[in-house]
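Enquirer: I have a structure I would like to understand better, so I am pasting it below and will then ask my questions one at a time.
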Amino acid sequence: MKILGVSSYHHDSAAASLKDGYIQGAAHEERFSRIKYDKSFPKNTVEWLRDTYEDWEFAAFYEESTYSQFKSDIKYITKAQPVLVDHHEAHAMSSVLMTDWTDCAVMVIDTVGGKFSTSLGVYENGKIEWIKRFRYPNSLGLFYSSATRLLGFDALSGESQVMAAAGYGTPKWANTIKDKILYTEDGNYTLLHNLERGVGYGVLDWDIAASVQHVFTEIVFNLSDWLYRESGKTNLAYAGGCALNCVTNGYLARYSAWNNIEIQPAAGDAGAALGAAALIERPLWQGPFLGYEEYHSVTPEEAADRIIKGDIVPIINGRAEFGPRALGNRTLLCAPINDTIDRLNIMKGRKEDTWRPYAPIVQDKEANNFFEVIRPCTNMLFTADIKEESNFKTHDNSARLQYIDGSQPYLYKVLEITRQFGFPILINTSLNARGKPIVNKKEDLDELISSSDFKHS
């Protein structure tokens with residue numbers, strides 16, 4: 001069976017191709033259009049998939065309100081039969097497919113998916129059954145995005161900045177938020193005010209950010225705990241845009257009762273393109289490197305040598321990552337040295353927000369020497385506490401960790417060399433500049449390097 005899955009029209013458009021239970025490819029439209037958070041119909045991505053692989057029998061889509069538009073757009077590209085699936089089921093399946101589980105609990109939390117914002121249920125016998133659902137605008141995603149605007153960032157893109165800012169503050173307004181904005185009880189939450197239009201732009205306040213993050217984490221944990229008790233399952237598949245909050249995920253990893261937690265690297269709407277296709281036929285998961293394939297990097301030995309000398313090294317190596325975070329194939333690598341990180345901030349366009357932390361990478365065999373690793377950390381989806389004896393430090397003694405195993409031989413080799421010269425931990429950040437999509441092809445890198453900030457750094 002040949003299936004196309006599509007996400008489109010709202011934000012973060014994407015497409016994915018499946019054939020006979022195998023994921024052929026998946027990518028964000030922005031990687032081809034070069035428009036950050038491109039929400040248009042993913043024409044470029046669909047054409048890349050069709051031209052690289054072949055046409056499809058079915059085209060899966062997950063949003064009823066724009067389904068007619070989808071049917072109109074898709075017919076100009078393929079003769080595949082359109083199929084409408086449930087938005088939150090597509091999200092849930094995007095994480096379920098990463099496992100070999102025959103049954104598990106599923107939790108989806110986003111701003112809105114169809115009529116719903118949060119869905120809790122179980123996956124059994126190839127089907128998803130919901131136990132409890134929350135309707136929009138009673139939405140945790142809406143709460144967080146409204147707070148994002150309040151703190152001076154763009155909703156649906158600046159949430160990661162709020163998450164980062166939270167580490168600098170104290171949650172002194174948490175009880176006020178719970179009293180006046182978000183009522184909570186076991187397995188439930190209620191927005192006490194209509195935040196549908198947001199609350200307008202404000203200014204960054206560390207303590208408000210910390211309070212918002214604290215309340216969000218508390219509610220997600222309570223929902224997760226309720227689902228654990230009600231479902232009778234021991235494994236959790238978690239998805240939706242809110243599942244990209246690695247601080248909350250780290251708390252779940254450390255304190256929840258789940259034996260295992262799986263989160264799709266493209267947990268937002270882009271990942272639902274893959275999940276929509278997987279609802280028709282569940283594929284085997286072979287990792288997040290599903291995008292455009294290109295090789296334009298120095299050897300691991302040359303990269304390591306440059307990093308040791310203080311350089312910032314761009315990496316284009318293999319298939320691009322499917323998801324918003326660079327996992328090593330479209331990456332900037334450098335040593336965790338203050339002067340080098342200062343230059344990295346200039347390159348990334350962070351002259352005004354140098355407080356934003358960068359993510360560390362380390363070999364899997366070395367990870368426990370520096371971090372308290374509770375769950376697998378291969379996809380930058382969980383924070384880990386930094387051990388007191390570690391010489392790697394952050395402002396809040398935690399980090400969005402990625403450990404590298406043998407499945408990524410290029411990075412593993414780079415780390416093996418730099419470790420011998422005193423750098424067992426490196427900084428890994430996405431190969432892009434502020435407001436620009438992650439590099440897809442060599443010509444995108446050439447354009448990026450031609451910018452003044454990159455060139456001079």
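Enquirer: Which percentage, to the nearest 5, of the DSSP beta bridges contained in the chain is antiparallel? Display every interim value, and only then the final one.
Expert: Details: 53 of 72 bridges.
That works out to approximately 75 percent antiparallel.
Enquirer: Quick one: which of 36/75; 2/127; 2/436; 71/132; 115/436; 36/441 span more than 23 angstrom between C-alpha atoms? Present the calculation step by step, with values, prior to reporting the outcome.
Expert: On the way: 36/75 26 Å; 2/127 20 Å; 2/436 33 Å; 71/132 31 Å; 115/436 31 Å; 36/441 15 Å.
Checking Cα-Cα distances, 36/75; 2/436; 71/132; 115/436 exceed 23 Å.
Enquirer: Summing -39500 (n - 2.57) over the DSSP H runs of n ≥ 4 in the chain and dividing by its residue number, what mean residue ellipticity at 222 nm do you reach, to the nearest 500 deg cm²/dmol?
Expert: Values: 16 runs with 158 residues, N = 457.
Calculated from helices alone, the mean residue ellipticity at 222 nm is -10000 deg cm²/dmol.
Enquirer: Say each of residue 57 and residue 355 gets a label point 7 Å from the Cα, pointing the same way as Cα to Cβ; how far apart are those two points in nm?
Expert: Each label point is offset 7 Å from its Cα along the Cβ direction, giving 5.5 nm.
Enquirer: Any idea what the alpha-carbon Rg over 2.2 N^0.38 Å comes to for the stretch 290-456?
Expert: Values: Rg = 14.9 Å, N = 167, 2.2 N^0.38 = 15.4 Å.
The value comes to 0.97.
Enquirer: How big is the stretch 181-291 by the Kirkwood estimate over distinct Cα pairs, in Å?
Expert: Values: mean 1/r = 0.0614 Å⁻¹.
Every distinct Cα pair counted, the radius reaches 16.3 Å.
Enquirer: Can you list the lysines whose alpha carbon sits under 19 Å from that of residue 413, skipping same-chain ones fewer than 8 residues off?
Expert: Correct list for residue 413: 309, 365.
Enquirer: For the chain, how big is Rg over Rh, using alpha carbon atoms and the Kirkwood form of Rh? Don't skip to the answer; put the middle values down first.
Expert: Details: Rg = 21.1 Å, Rh = 22.3 Å.
Radius of gyration relative to Kirkwood radius: 0.95.
Enquirer: Two decimals is fine: what's Rg over Rh for the stretch 99-262, C-alpha atoms, Kirkwood radius as Rh? Show your work: numbers first, answer last.
Expert: Working: Rg = 15.5 Å, Rh = 16.0 Å.
Result: Rg/Rh = 0.97.
Enquirer: I've got another one for you. Place the peptides 264-270, 313-319 in order of packing, highest mean first, counting for every residue the other Cβ atoms within 10 Å and averaging per peptide.
Expert: Details: 264-270: 28.7, 313-319: 20.3.
The most tightly packed comes first, giving 264-270, 313-319.
Enquirer: Here's another thing I want to ask about it. How many angstrom lie between the C-alpha centres of the stretch 9-60 and the stretch 203-253?
Expert: 29 Å
Enquirer: Right, another one. In the stretch 219-375, what % of DSSP beta bridges are antiparallel (nearest 5)? Please list the in-between numbers first.
Expert: Numbers: 8 of 12 bridges.
Counting only bridges with both partners in the stretch 219-375, antiparallel ones make up about 65 percent.
Enquirer: What order do you get for 141-147, 437-443, 80-86 when each peptide is scored by the mean count of other beta carbon atoms within 10 Å, highest first? Working shown, then result.
Expert: Numbers: 141-147: 24.0, 437-443: 19.9, 80-86: 17.6.
So the peptides 141-147, 437-443, 80-86, ranked by packing, come out 141-147, 437-443, 80-86.
Enquirer: While we're here: Arrange the peptides 225-234, 322-331 so that the one whose residues have, on average, the most other Cβ atoms within 10 Å appears first.
Expert: 322-331, 225-234
None of the figures in this text is laboratory data; all of them are computed from the coordinates on show. Nothing here was measured: the structure is a model prediction, and the numbers come from that model. Positions of Cβ are generated from backbone atoms using ideal geometry, with glycine treated the same way; all protein chains shown enter the neighbour counts.
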